[in-house]
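Engineer: My structure is below; once you've seen it, I'll send some questions.
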Amino acid sequence: MASNVQLSETSSPRNEKNRPRAEKEEVDYMQRAQWLRAALLGANDGLVTVASLMMGVGSIKEDVKAMLLVGFAGLVAGACSMAIGEFVSVCTQRDIETAQMKRAIENKTSLSAIDEQEEEEKKERLANPGQAAIASALAFSVGAAMPLLAAVFIENHKVRMVVVAIVATIALVVFGVTGAVLGKTSVVKSSVRVVIGGWMAMALTFGLTKFIGSAAMQI
């Protein structure tokens, strides 16, 4: 009787209705991490690169046209570079993983139905080079466009520089929080890491741009 009760409970309509919900709620964060990494990397790089270049040029020459021109050039060049670099990198990763899977299959004399299903799932989880390249290029463009839009409508040079720095900091926080929420990780840890890393990169790029620009003007 007890076994019959258990069988009836497991096969009851209520449990059958709840199963699809549980399956839908399960998210493959390993697969999500592939495009999330590319997107956040592109957005951070675009923001940091263009913002630091604009502030570096702005510290040498108080000309909004020069700042915007340098920023736009950085946006286009950086987006193309990120897309190509990400595509080549992910293609290499995919080739290595595919070759490793083939070697593992060759070492097995026979594959059961479960093994074949596992192999198919592994193939589906392989990184997509095109998806990674597009996500990286679009994210770089979005990140790079933020300081450009913040500077284009401000005439005062000093105010423009401050606004670009503030917008860059806020955007870094947003990127950190977004990555943590989508990846189900610590929000504080992710945000602090992104902000500190972004500011270190911007400070270095700003300093080198100002130093090289000042030296070039003296020649």
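The values are calculated or read from the model by the stated rules, or taken from the named source; none is laboratory data. If you're wondering where the values come from, they're calculated on a predicted model, not measured in any experiment. Note: areas computed on protein heavy atoms with side chains; ligands, DNA, RNA excluded. Shrake-Rupley method; radii C 1.70, N 1.55, O 1.52, S 1.80 Å.
Engineer: Give me the distance between the Cα centres of the stretch 44-94 and the stretch 147-219, rounded to whole Å.
Structural biologist: If you average the Cα positions of each part, the centres end up 12 Å apart.
Engineer: Given an 8 Å cut-off on Cα distances and at least 6 residues of separation, report the relative contact order of the stretch 36-101 as a percent. Numbers along the way, then the final one.
Structural biologist: Numbers: 28 pairs, mean separation 20.5, N = 66.
It comes to 31 percent, rounded to a whole number.
Engineer: Here's another thing I want to ask about it. So how do Glu97, Glu155, Glu86, Glu106 rank on accessible area, 1.4 Å probe, biggest first, that is with the largest at the start? List each step's numbers first, then the result.
Structural biologist: On the way: Glu97 65, Glu155 175, Glu86 15, Glu106 145 Å².
Largest accessible area first, the list is Glu155, Glu106, Glu97, Glu86.
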